[in-house]
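Peer 1: Below are the structure tokens for one structure; questions will follow.
The values are calculated or read from the model by the stated rules, or taken from the named source; none is laboratory data. All values derive from a computational prediction rather than experimental measurement. We place every Cβ from the backbone using ideal geometry, glycine too, and count neighbours over all the protein chains shown.
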């Protein structure tokens, strides 16, 4: 008797049945069928194996059915609590998911608005710099012609324009503080919208349906990519 069985309370009859059942494998393994009489011996042995298996199952149920009934009773007693807790968790997570999705939407809009504002500011700076460069070019021309006063005036105007050309960053919208004890991430999933367009490597062959088709059609079964064959099935009555 194994260590596992020694911890159980089994009747001597049940222990004897278990020990007796373990002798059949060695018996049938040693058999070599060379004649019809020996084949009949194997059939008779298989009948005894089936009868013993039925007895083992009946005795097992005498021990396990009451335990299973008790387990089921406990499961039924706790199931309402487990179901309502699971539902409550789903509702709570749904609310958090909706809030998180809305915050991501708001943050995305804010980021887009900041990009647009930064682009406008960069365009403004480029235009101011273009104006300053044009004034400096005019100042160079005035200086070259000997009009020092005009050159100085144009340089002052260019300096004033450059002073205005200071980068003003768009305000950053801070993300709302996340509740403590939770985290969120984007989990990518998939849904089938047109099964015909799904690549073959992502399609699962329905082997149960093919086996049923083979059993129904027998020798007339034909399907592309499938080989149908027959093999003997031994039944002991």
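Peer 1: Could you tell me whether residue 137 is under 30 Å from residue 49 (Cβ atoms), modelled with pLDDT of 85 or more and part of a helix (DSSP H, G or I)?
Peer 2: Numbers: under 30 Å from residue 49 (Cβ atoms): no; modelled with pLDDT of 85 or more: yes; part of a helix (DSSP H, G or I): yes.
It is false that residue 137 is under 30 Å from residue 49 (Cβ atoms), modelled with pLDDT of 85 or more and part of a helix (DSSP H, G or I).
Peer 1: OK, next. Got a sec? Which of 86, 98 is under 46 Å from the mean Cα position of the chain (by Cα), at pLDDT below 95 and closer than 30 Å to residue 186 by Cβ?
Peer 2: Numbers: 86 fails: at pLDDT below 95.
The unique qualifying residue is 98.
Peer 1: Just the residues that are modelled with pLDDT of 90 or more and exposed (fewer than 11 other Cβ atoms within 10 Å of the Cβ), please, taken from region 1-25. Lay out the reasoning, then the answer.
Peer 2: Applying the first criterion (modelled with pLDDT of 90 or more) to region 1-25 yields 10-25.
Listed by number, the residues that qualify are 12, 13, 22, 23, 25.
Peer 1: Among 142, 153, 149, 165, which is over 30 Å from residue 185 (Cα atoms) and at pLDDT below 80?
Peer 2: Values: 142 fails: at pLDDT below 80; 153 fails: at pLDDT below 80; 149 fails: at pLDDT below 80.
One residue alone meets the criteria, 165.
Peer 1: Can you tell me which residue within region 40-59, out of those that are touching a residue at least 24 places away in the same chain (Cβ under 8 Å) and farther than 12 Å from residue 20 by Cβ, is surrounded by the most Cβ atoms within 10 Å (Cβ to Cβ)?
Peer 2: Ranking the qualifying residues of region 40-59, first place goes to 46.
Peer 1: While we're on this one: What do you reckon, is residue 100 out of contact with any strand residue (DSSP E or B) (no Cβ under 8 Å at 6 or more places or on another chain), within 30 Å of residue 178 (Cβ to Cβ) and assigned to a helix (DSSP H, G or I)?
Peer 2: So residue 100 fits the description; yes.
Peer 1: Let me confirm something: among 210, 205, 236, which residue is more than 30 Å from residue 105 (Cβ to Cβ) and in contact (Cβ under 8 Å) with a residue 40 or more places away in the chain?
Peer 2: Just a single option satisfies the conditions, and that option is 236.
Peer 1: Give the number of residues within region 184-213 that are within 17 Å of the chain's Cα centre (by Cα) and surrounded by 10 or more Cβ atoms within 10 Å (Cβ to Cβ).
Peer 2: Final tally of qualifying residues: 1.
Peer 1: Right, something else. Looking at residue 34, is it closer than 30 Å to residue 233 by Cβ, out of contact with any strand residue (DSSP E or B) (no Cβ under 8 Å at 6 or more places or on another chain), in a helix (DSSP H, G or I) and modelled with pLDDT of 90 or more?
Peer 2: no
Peer 1: On to the next question. Applying the selection to region 34-58, what residues are under 43 Å from the mean Cα position of the chain (by Cα) and within 18 Å of residue 24 (Cα to Cα)?
Peer 2: 53, 54, 56, 57
Peer 1: Please state which of the following conditions residue 29 fails to meet, knowing it meets all the rest: (1) loosely packed, with under 10 Cβ neighbours inside 10 Å; (2) modelled with pLDDT of 95 or more.
Peer 2: (2)
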